[in-house]
């Protein structure tokens, strides 16, 4: 989720190969194997920036320390689902809400007992007895 953007300009023929009508734009994101996400808004700065803001991250972000700075530094509204269970019933509505509210909040999922989740737990002041926990920041 680290914010790294590359912008390229290419020919109309190349754009057509990615279902982009020239003049047009598409976003390629590493987390979805660089499948093009075609920009269909008005060609204005605000419209383009709204498109980027809405689509720069996956619907549900699996927390990693690489994600921490953009999550906390920029003050985006974020919902954290802290759980040690990948199969619990509450995972489905969380993913559905992430899809429905895409662009309005970041939806972040993490455990707290291993890896980078331990640092997140300390930051959010959550202990194992609190799980599952849904925290909004």
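The values are calculated or read from the model by the stated rules, or taken from the named source; none is laboratory data. Here the structure is a predicted model, which means the values were calculated and not measured. Cβ coordinates were reconstructed from backbone atoms using ideal geometry, including for glycine residues, and neighbour counts include every protein chain displayed.
This table checks each residue for (1) within 27 Å of residue 130 (Cα to Cα); (2) surrounded by 10 or more Cβ atoms within 10 Å (Cβ to Cβ).
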{"position": "15", "(1), (2)": "no, yes"}
{"position": "39", "(1), (2)": "no, yes"}
{"position": "56", "(1), (2)": "no, yes"}
{"position": "70", "(1), (2)": "yes, yes"}
{"position": "77", "(1), (2)": "yes, yes"}
{"position": "85", "(1), (2)": "yes, yes"}
{"position": "89", "(1), (2)": "yes, no"}
{"position": "94", "(1), (2)": "yes, yes"}
{"position": "99", "(1), (2)": "yes, yes"}
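Restricting to the range 95-123, count the residues that are touching a strand residue (DSSP E or B) at 6+ places or on another chain (Cβ under 9 Å), within 18 Å of residue 59 (Cα to Cα) and either part of a loop (DSSP other than H, G, I, E, B) or free of Cβ contacts under 8 Å to residues at least 40 places away in the same chain (or both). I'd like the intermediate steps shown before the answer.
Keep residues of the range 95-123 that are touching a strand residue (DSSP E or B) at 6+ places or on another chain (Cβ under 9 Å), which gives 95, 97-99, 101, 105-112, 116-117, 120-121.
Imposing the further condition that a residue be within 18 Å of residue 59 (Cα to Cα) reduces the set to 95, 97-99, 101, 105-111.
The next check asks that each one be either part of a loop (DSSP other than H, G, I, E, B) or free of Cβ contacts under 8 Å to residues at least 40 places away in the same chain (or both); those that pass are 95, 97-98, 101, 105, 111.
Number of matching residues: 6.
Return only the number of the condition from (1) part of a loop (DSSP other than H, G, I, E, B); (2) farther than 24 Å from residue 32 by Cα; (3) in contact with a helix residue (DSSP H, G or I) (Cβ under 7 Å, 6 or more places away or on another chain) that residue 126 does not satisfy.
Every listed condition holds for residue 126 apart from (3).
Scan the range 23-36 and tell me whether some residue there is surrounded by 12 or more Cβ atoms within 10 Å (Cβ to Cβ) and free of Cβ contacts under 8 Å to residues at least 12 places away in the same chain.
Scanning the range 23-36 turns up at least one residue that is surrounded by 12 or more Cβ atoms within 10 Å (Cβ to Cβ) and free of Cβ contacts under 8 Å to residues at least 12 places away in the same chain.
Would you be able to tell me the number of residues in the range 79-110 that are closer than 22 Å to residue 127 by Cβ, in contact with a helix residue (DSSP H, G or I) (Cβ under 6 Å, 6 or more places away or on another chain) and modelled with pLDDT under 95?
Residues that pass the stated criteria total 0.
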